[in-house]
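Here the structure comes first, spelled out in structure tokens, and everything after it is commentary.
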Amino acid sequence: MPLLTNILEQMLTHIPVERHEVVRARFNSSAQVLFDRLSLLYGQQANFEDWVIQLMTRVANVHAQRSDELLSLDAQREANPNWFTQQTMLGYCAYVDRFAGTLQGVNQKIDHLAELGVTYLHLLPFLRARAGDNDGGFAVASYNEIEPRLGNMDDLRDLTQHLRDRGISLCSDFVLNHVADDHPWALAAKSGSSKELDYFYSYADRTQPDIYERDLGQIFPQAAPGNFSFDATLHRWVWTTFYPYQWDLNYTNPAVFEEMALALLELSNNGVEVFRLDSTAFLWKRAGTNCMNQPEAHWILQALRSIVAIAAPGVLLKAEAIVPTAQLPAYFGTQNPATPECHLAYHSSLMAASWGALAEQNAELIYNVMQATPPLPDQTSWLTYIRCHDDIGWNVIRPEANQDNQNAQERLRHIAQFFAGAANSFARGASFQASDANAVHGTNGMSSALTGFASASTPQELELAQRRLLLLYGVSFCFGGMPLIYMGDEIAQANDENYINVPEYANDSRWLQRPFLDQAAFNARHDRATQSGNLFAQLCHLLERRRSLPMLAAATPITVLRHRNSALLTFVRGESTNTSTNTSNANNALLFIGNFSDQAQTLVLNQLSLPSPINSWLDQLTQQHYTDTIVIEPWSQHWLSAAT
């Protein structure tokens, strides 16, 4: 196509000659998808082709500033595109200030991360945020500045250098859907600039907003009801899906896509290697729909992926799409034709189902989710997790809860109430946005509080709480993907009950699971006589075993073994069949067994529907051998492989 040739030649004039061959090859591999998607999104715009040339010229200018070290990293990862799917990968997620004070302080915690085996560090929002209320930093006022109390760009570059030296990639949140109302674009719009006003959705009256509202859900129905906010300066209604101070970006305007793509590349040049693309499901608005998961949202992400593949292929994109299981695979892209999108996606359904299994003492929800999860496309991985900075949203597993002839609404409400501390519950969490007694409210709380550490009054109850927490992480470690540890889970960090005394946090119970790192528990993590030390040692043991088991790599097949005892979760990773001999290689398989009940369960191993019989088993966690029958203690797990 002459236009693509012209675009490439324009780009090369801005790039050092020694890079031309590499950039040409990357462009030829990705440009067609990029142009196709941009054409679908913006092809009807006047001067579309001139705009594409302008966009890619700016991309070339940013690429030209990329350091030799990052260029080398790009080349290494291009040569090994499945580098992030191995069983040696481990994520860790933390707030900068609550984990280490500042970006410089994070440097002092790298030894701790390395001891766990962390290879991917997600630091929650550290870009300059809105003054005042800012949704925990997700109301971004500038994409090229660091929040001053956390440091500056020099600190970011220094930190990423130290992390790379230890084999750890830094992940940054990149909020795609909205900016703060004090972002320069919003301020310019308020000052009367029609150019920047077109970066947002705004309306002179409620006519169009009311049409949209008929089909829209509400993210924060109690704290921020509705999806539109009246701005007194503009005298217009602005689309604000989340909070009134977060203005949704208008991606029908190609200038918005251009500026956001360039901002991401600039951050990648400062050493960010992974981007958590926040609120991806909301990027495109269409009347008569819930304005989530629209085809155009995927085209935006696919175009962004193509630009990254050309200018910074060592970078990973991660979809923060908290949607039902059936809608998740789309965020990896399409297969026919092959159009890559994000490299990583949160498996929120697995997370919610795992907690639901604890409440119900029944693994059926996990089975339903696993059976609804398709195999991963090549060069992709799930991000599996137990907790994060947000609430546990139960509605994401409504399709799975609706199976087994049960009332999904009643079932999910019971689970939510259980973790909010209902009668006879071991959990000490809190409901999120609890305005309707009949609704299914999200759940907040640290993992330790939700698994029973906070309610335990005896050593035996504390031991059961620890087993529950380790069981959930065991599922995450063995399912297939990159597991993520939330800050403090490794030391049984407790809820921050004092958040309610901070005025800007008091109405948002998510701050319950955003505590400052418990320094006493952290300092005692190597003392097995302490609660934090005992948990830390056992979690590290699970992680050490995981790293040694190649069948736990993300792409390895999973076989769900559903059986009559619903308290037990059993699945196999890595059993492969030789198609020429129709035999299986059981030596490459791992059988996971988890007991999601408070009673010991007995399992006859040779009654499992395994692809091939195994007469002798070795527990990879305890090195104990089993032949026929195994007793699984309450809330316990076993990782079994064929004994050799």
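The values are calculated or read from the model by the stated rules, or taken from the named source; none is laboratory data. Fair warning: this is a prediction, and the values are worked out from it, not measured in the lab. When we count neighbours, we look across all protein chains shown, and the Cβ atoms used for this are built from the backbone with ideal geometry, even at glycine. Protein only, heavy atoms only, side chains kept; ligands, DNA and RNA dropped before computing areas. Shrake-Rupley method; radii C 1.70, N 1.55, O 1.52, S 1.80 Å.
Results, tabulated for the structure shown:
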{"item": "Rounded FRET efficiency, nearest 0.05, which uses the C-beta distance separating residue 409 from residue 144 and R0 of 56 Å", "result": "0.80"}
{"item": "Compactness of segment 242-392 - radius of gyration and Dmax, Cα, Å", "result": "16.5, 51"}
{"item": "Net +/- balance of residues flanking residue 493 in space, Cβ distance below 12 Å, scoring K and R +1, D and E -1", "result": "0"}
{"item": "C-alpha long axis of helix 254-269 to longest principal axis of the chain, angle in °", "result": "60 degrees"}
{"item": "Net charge of neighbours whose Cβ lies under 13 Å from the Cβ of residue 88, counting Lys and Arg as +1 and Asp and Glu as -1", "result": "+2"}
{"item": "Listed residues 205, 173, 68, 50 arranged by accessible area, highest first, probe 1.4 Å", "result": "68, 50, 205, 173"}
{"item": "Helix axis angle, 295-311 relative to the chain longest principal axis, alpha carbon, degrees", "result": "80 degrees"}
{"item": "Prolate/oblate/rounded call for segment 470-544, Cα gyration tensor, a/c under 1.5 rounded", "result": "oblate"}
{"item": "On Cα atoms only, tilt of 68-79 relative to the major axis of the chain in degrees", "result": "60 degrees"}
{"item": "Contour excess over end-to-end distance, with Cα ends at residue 541 and residue 559 and 0.36 nm allotted per residue", "result": "4.0 nm"}
{"item": "Calculated from backbone phi, Karplus (6.51, -1.76, 1.60) coupling profile of segment 368-381 in Hz, x at Gly/Pro", "result": "4, 5, 4, 6, 8, 8, x, x, 6, x, 4, 6, 9, 7"}
{"item": "Tensor-based shape of segment 356-481 (alpha-carbon gyration tensor, a/c under 1.5 rounded, otherwise prolate or oblate)", "result": "oblate"}
{"item": "Ellipticity estimate at 222 nm from DSSP helix runs (n ≥ 4, -39,500 (n - 2.57)) divided over the chain, nearest 500", "result": "-11000 deg cm²/dmol"}
{"item": "3J(HN,Hα) from dihedral phi, segment 161-176, Karplus parametrisation 6.51/-1.76/1.60, rounded to Hz, x for glycine, proline", "result": "5, 5, 5, 4, 4, 9, x, 10, 8, 8, 9, 10, 5, 10, 7, 8"}
{"item": "Residues whose placed amide H lies under 5 Å from that of residue 236, excluding near-sequence neighbours", "result": "231"}
{"item": "Relative contact order of segment 1-78, defined on C-alpha pairs under 8 angstrom at six or more residues apart (%)", "result": "51 percent"}
{"item": "Three-way shape label, segment 1-101, alpha-carbon gyration tensor, a/c 1.5", "result": "prolate"}
{"item": "Residues whose placed amide H lies under 5 Å from that of residue 122, excluding near-sequence neighbours", "result": "92, 93, 94, 171"}
{"item": "Under Karplus coefficients 6.51, -1.76 and 1.60, residue-wise ³J(HN,Hα) of segment 413-418 in Hz, glycine/proline x", "result": "5, 5, 5, 4, 5, 4"}
{"item": "Placed amide H near residue 333: partners under 5 Å, 5+ positions off or other chain", "result": "341, 342"}
{"item": "Contact order relative to length of segment 411-521, as percent, for alpha carbon pairs under 8 angstrom and 6 or more apart", "result": "22 percent"}
{"item": "Pairwise centroid distance, computed over Cα atoms, of segment 46-110 with segment 475-533, Å", "result": "27 Å"}
{"item": "Gap separating the Cα centres of segment 535-553 and segment 245-259, nearest whole Å", "result": "43 Å"}
{"item": "Which label in (i) 42; (ii) 29; (iii) 34 gives the computed percent of Cα pairs over 40 Å apart", "result": "(ii)"}
{"item": "Mean-position separation - Cα centroids, segment 134-175 and segment 191-219, in angstrom", "result": "31 Å"}
{"item": "1.4 Å probe accessible area per residue over the chain, in Å²", "result": "38 Å²"}
{"item": "With every protein chain in place, the chain: carbon and sulfur % of accessible area (1.4 Å)", "result": "48 percent"}
